[in-house]
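The values are calculated or read from the model by the stated rules, or taken from the named source; none is laboratory data. These numbers were taken from a predicted model, which means no experiment stands behind them. Cβ coordinates were reconstructed from backbone atoms using ideal geometry, including for glycine residues, and neighbour counts include every protein chain displayed. Heads up: the accessible areas ignore ligands, DNA and RNA and are worked out on the full protein's heavy atoms, side chains in. Shrake-Rupley method; radii C 1.70, N 1.55, O 1.52, S 1.80 Å.
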Amino acid sequence: MSQLKTSLANYGFDYSRFRFGTRTGIAACLALLLAWVFGLEHPQWAAMTVWGVSQPTRGLLFEKAGYRSLGTLIGTSIGIGIVMVAGDAVLLKGIGLTLWVVLCVYGANLLHGLISYGAVLAGYSASMVVLLSRAPDALLPLGLDRLFTVLLGVLTALIVGWFFTYKRAEQTLVNKVRRQTAETLRTLARAFDQGSIDKIPLHDQITNLAHLETQLADHGAGSPSAHLSAKLLRRLLNAQLGLLAQLETSSVQHRENLAQALRDTAQAFIDNEVRPIRKGLQTTLELIQGSTLQLEFQEFSEAIEDRIQFRESGSTARSHHRFSVLLHRDWRGAQQAALRTLAVMLLISFAWFYTGWMQLAYLLLGASVMLTLFSTMENPAKTMYYVFLGQAAGAGVALTIQAFIWPHIDSLLGMLAVVMPVILVAGLPLSHNRTAPGAMDFNLVFLLLMQPSLHYHFEPYTAVGIAIAVVAAPLLAMASFKLVFPTNLRSRQRHLLKALERELEELEARRLTAQQLKRYRARFYHRLFKLYQMADKLGFNDKLTAARYLIRVQQQLNQMQ
């Protein structure tokens, strides 16, 4: 096995992605065949769903499958409602669909994790019903076909994933957090050892905490227990950020006994022994009384105790309402994404109404997917470049099969049999470093265009026009992401800084209860984590900006206590 991994790596392939791609390709072929067996009209949608749902770990797989099913159910219902109200009025259908997709985009940009993905699915599932229906009497069958193919794809992905997907690797993140907790305690010990924070890399430690924070969404997927685990870990990371921020903004004195207690506690975390951890925390709490870090260390100790209780029993003795885990929401970015989607989709809708070109329905479908699914990414315009390449390749392969192979096959099963080898080998580009960014889009567009039918006849004008319309969607999205409220990591940083400034002003103007202050602090800390994550990608000056805001936030919080 190790020799195979080495051989693949020498040629630029990643074994884990190769294994995932191969397993997903097999599951997609199985879903395709099952959809044909059950007589569904669009069996390729079941295979598309498998590619969309499959994940490398079970927790992510189960939760994403759930949100995809729910999003599809809601989106399909809304799509049927739009067509029933609009009838054959192209403009009314376009406007109704646009308003729904705009609402979904707005929600997706405010939400976090896989619930955001569910909002995206609700948007473009409605698009597939509205834009692919050809007659009012076929509307309900199309909606049901969409729903059943998606549910079949979800079920297939779940069954195959259960047997071939790794269990949720929660312990990996837990161990990382435990080691980082020990490092935080050693940092505090060093500060009390020398009586200052000179030459102590506090901000490097905060960056490490910020990177751990990015993994909490995946860690918390799959079950209520996993969600609680992620919530407790977030509280522990927040407590460590509070300790380091307070250390940055206050003076410390040389305390050899306190430094030794902190080192002993850090070693207990390395050894992962509960009794020494509790004893070390208690000793440190007694020694740290009267220090500027007293309140923060008390919060840290409570977070550790709750984590230990969860480890021992799967729950905590404290009320779950105690855990303040308010997250940063990019309201301005969500508004801009919604307005961008509104402008582009209305433009296409009016063009479709004016020209009557059926191909523009596919452009509108593609745009609704691109503008929703990728609007939450750090740099969607750059992503669109790889999406375009993958979709162009997928459309090219689809047209080749449609033109030269399908016209000579007289059975649906035979047509699907031609499609399956392409699905199976699609795992290869997904696992190569150069082709991976566009491989998933290759699979999805290839399957979208492969609609089998008996007595198939290739119509070049229609088929090529639809393919061009679909492939043009990422180009249009790329232009809109660059020109209409340009979106990238820098713009998201500006939104975050404005949110921090606004909330600092609110904090200064309000009189808060202790519970309200905890909620403010939790949201401040999440925004600071985001700021450090961005700064690590943007450069040195942005790290200085993050450090300045850390000091400002902590000083403001100290004044309110």
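For the reader, a short list of remarks on this structure follows.
- For region 36-126, the pair-distance distribution built from all alpha carbon pairs, in bins 10 Å wide starting at 0, is 17, 39, 33, 10, 1 percent.
- Plainly put, region 493-561 has a radius of gyration that is 0.99 times its Kirkwood radius, both from alpha-carbon atoms, as the Rg/Rh ratio.
- Helix 380-404 axis, angle to the chain major axis (alpha carbon atoms, nearest 10°): 30 degrees
- A helix-only calculation puts the chain at -27000 deg cm²/dmol for mean residue ellipticity at 222 nm, using -39500 (n - 2.57) for each DSSP H run of at least four residues, averaged over all residues.
- Extension reserve of the residue 267-residue 458 stretch, reckoned as 0.36 nm per residue once the Cα distance is removed: 61.7 nm
- Sulfur and carbon atoms: percent of accessible area, the chain [1.4 Å]: 61 percent
- If you plug the beta carbon distance of residue 257 and residue 92 into 1/(1 + (r/R0)^6) with R0 = 60 Å, you get a FRET efficiency near 0.20.
- For the residue pairs 176/279; 199/518; 498/543; 64/498; 176/543; 199/231, alpha carbon separations beyond 25 Å are given by 199/518; 64/498; 199/231.
- Burial order of peptide ranges 118-130, 55-67 (average beta-carbon count within 10 Å, highest first): 118-130, 55-67
- Neighbours of residue 154 by Cβ distance under 12 Å: Lys/Arg scored +1, Asp/Glu scored -1, total +1.
- Relative packing of peptides 452-463, 71-82 - highest average C-beta neighbours within 10 Å first: 71-82, 452-463
- For residue 530, a cut-off of 18 angstrom between C-alpha atoms picks up these aspartates and glutamates, skipping any fewer than 8 places away in its own chain: 204, 213, 218, 330, 378, 501, 503, 542.
- If R0 is taken as 41 Å, the Cβ-Cβ distance between residue 225 and residue 329 corresponds to a FRET efficiency of 0.95.
- Long-range Cα-Cα pairs in region 352-406 (distance over 18 Å), rounded percent: 51 percent
- Each Lys or Arg adds one and each Asp or Glu takes one away; over the other residues whose Cβ falls under 15 Å from the Cβ of residue 109, this sums to +3.
- With N as its number of residues, region 181-312 has a Cα radius of gyration that, divided by 2.2 N^0.38 Å, comes to 1.04.
- Solvent exposure of the chain, expressed per residue, is 45 Å² of accessible area, with all protein chains present and a 1.4 angstrom probe.
- P(r) tail fraction, region 433-561 - alpha-carbon pairs more than 19 Å apart, %: 67 percent
- Peptides ranked, highest mean first, by Cβ atoms within 10 Å: ranges 504-510, 486-492: 486-492, 504-510
- Selection from 192, 400, 59, by position along the positive dipole direction of the chain (Cβ): 192
- Using θ = phi - 60° and Karplus 6.51 cos²θ - 1.76 cosθ + 1.60, couplings along region 348-357 (whole Hz; Gly, Pro as x): 5, 4, 5, 5, 5, 5, 6, 8, x, 6
- Percent of Cα pairs exceeding the 22 Å cut-off, where the set is region 378-474: 31 percent
- Angle between the chain longest axis and helix 412-425 axis [Cα atoms, degrees, rounded to 10]: 30 degrees
- Against the chain, whose longest principal axis comes from its Cα atoms, helix 489-509 is set at around 50 degrees.
- Gyration tensor (Cα) of the chain, equivalent ellipsoid semi-axes in angstrom: 50, 26, 20
- Paramagnetic reach from residue 413 (point 7 Å along Cα→Cβ, amide N under 13 Å) across region 37-53: 37-39
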